[in-house]
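The structure under discussion appears below in the form of structure tokens.
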Amino acid sequence: MNQIDIQCFIKVVELMSFSKAAEALYISQQAVSNHIKRLEDSYRVSLFERKPTLKLTESGRILFDAAIEILQREEALADQLTSSQSDYYGEISIGLPPNRSAAFATEFIPSFIKKYPNMSVNLLEKTSSLLPTVVKQNEIDLAIPLAIRQTSISDAHLFVELPLETEDSYLVISDRLLEEHFGSAFPSCKQEFLTGVYLKDFAGVPMFLRPSSSRLHEEIVSLLQQENLSPIIRVKTVVTSAMLTLCAQGYGLFFSPPMLLRYMYREQPQHFKSLNIFPVNELKKSRQSLLIYHKHKHLTRPLRDSIEIIKEIYGKHTLEFLNNALPKDDNNSSLII
């Protein structure tokens with residue numbers, strides 16, 4: 001059994017497309033066809049029915065199950081024979097939502113590379129709804145999608161799903177905007193807002209939101225519409241941290257989970273001197289980060305350690321960190337959470 005032929009066959013089955021398999025493997029479609037034909041000639045069977053749509057034959061299903069088992073045994077054997085962490089080479093691949101990748105990289109990569117100096121990390125940015133699919137197709141090893149209000153987003157028969165963190169969302173706004181919007185109630189309103197704010201009270205303030213296709217955008221707009229209100233959307237962007245300077249200058253407010261606040265504070269702490277961060281009552285416990293991987297995935301030592309590192313770093317996205325890290329004003333009331 002030629003391993004390259006088998007790997008090509010598995011990729012065609014995972015994507016159920018010769019052309020997509022060719023793209024994923026960086027080879028020509030003709031090369032893919034040649035690998036499949038070599039297997040069919042070797043075993044004297046047809047592995048696929050080509051019409052009306054591509055699907056496995058019974059022989060193809062038998063070979064696929066056997067191929068997966070063989071590759072898993074080879075991975076396990078290589079893992080057992082590797083004596084030290086520095087002897088591991090290659091890469092691990094992790095998928096996560098686009099706006100989380102920079103923050104995740106700064107937390108995960110130092111710990112991983114310290115353990116595995118000769119390995120690389122491939123971060124694949126996909127929306128949460130697409131991440132289970134790329135895990136299923138074996139394009140990535142692990143994924144960290146977001147679920148709304150603690151709902152499962154993956155098939156329990158195919159995936160292992162581990163809850164990581166249940167998130168609140170926070171409203172980030174400058175003193176300047178607070179004073180403009182709340183007038184004589186400023187600055188005493190800041191103390192009141194420490195326990196939480198309602199979206200309807202900020203409907204008249206310009207907002208930086210994620211694109212209309214995002215779940216958070218939809219939820220914020222829907223909550224305001226229930227109050228017969230519409231948001232004033234100044235900017236739509238997936239890169240919340242890019243709006244931090246504009247927010248500090250009073251051009252709008254934005255919404256953020258603790259993970260991104262932690263990252264932004266470490267990268268641009270100077271902007272937080274004029275900012276306030278308040279929990280949004282309607283968005284408390286509204287998101288859950290999940291760690292998922294395919295049930296048939298052989299977890300090598302680097303992947304097992306990656307899971308532990310991920311669990312550890314997500315446990316640090318706490319309110320205590322923000323309260324200790326973000327500056328308070330002279331009255332000890334500018335913060336916030």
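Values quoted throughout were computed directly from the atomic coordinates according to the rules given, and no laboratory measurement underlies them. No experiment lies behind these values; they were computed from the predicted model shown. Counting neighbours? That spans all protein chains shown, and the Cβs are built from the backbone with ideal geometry, glycine included.
Before moving on, here are some points about what is shown:
- Residues whose placed amide H lies under 5 Å from that of LEU291, excluding near-sequence neighbours: LEU162, LEU164
- Relative contact order of the chain, defined on C-alpha pairs under 8 angstrom at six or more residues apart (%): 21 percent
- Here the dipole of region 223-293 is about 160 debye; that uses its Cα centre as origin and unit charges on the Cβ of Lys and Arg (positive) and Asp and Glu (negative).
- As a proxy for reagent exposure, ranking TYR26, TYR116 by other Cβ atoms within 10 Å from fewest up yields TYR26, TYR116.
- Proxy reagent accessibility, fewest Cβ within 10 Å first, across THR133, THR53: THR53, THR133
- Measuring against 18 Å, Cα to Cα, the residue pairs LYS11/LYS37; LYS200/LYS273; LYS136/LYS297 contain LYS200/LYS273 as the ones spanning a longer distance.
- Each Lys and Arg contributes +1 and each Asp and Glu -1, all at the Cβ; summed about the Cα centre of the chain, the dipole is approximately 420 debye.
- Within the set (1) 29, 24, 20; (2) 48, 22, 15; (3) 32, 26, 21, the number that semi-axes √(5λ) of the Cα gyration tensor in Å takes when calculated for this structure is listed as (2).
- Among ALA103, ALA185, ALA67, residue whose mean-square fluctuation peaks in a GNM of the chain (springs only between Cα atoms under 10 Å): ALA185
- Average Cα contact separation per residue, region 1-144, under 8 Å, 6 or more apart, as relative contact order %: 20 percent
- ³J(HN,Hα) computed for each position of region 169-182 - Karplus, 6.51 cos²θ - 1.76 cosθ + 1.60, integer Hz, glycine/proline x: 10, 10, 8, 10, 8, 7, 4, 4, 5, 4, 5, 5, 7, 9
- GNM flexibility winner over the chain from ASP141, ASP201, ASP305 (Cα, springs under 10 Å): ASP201
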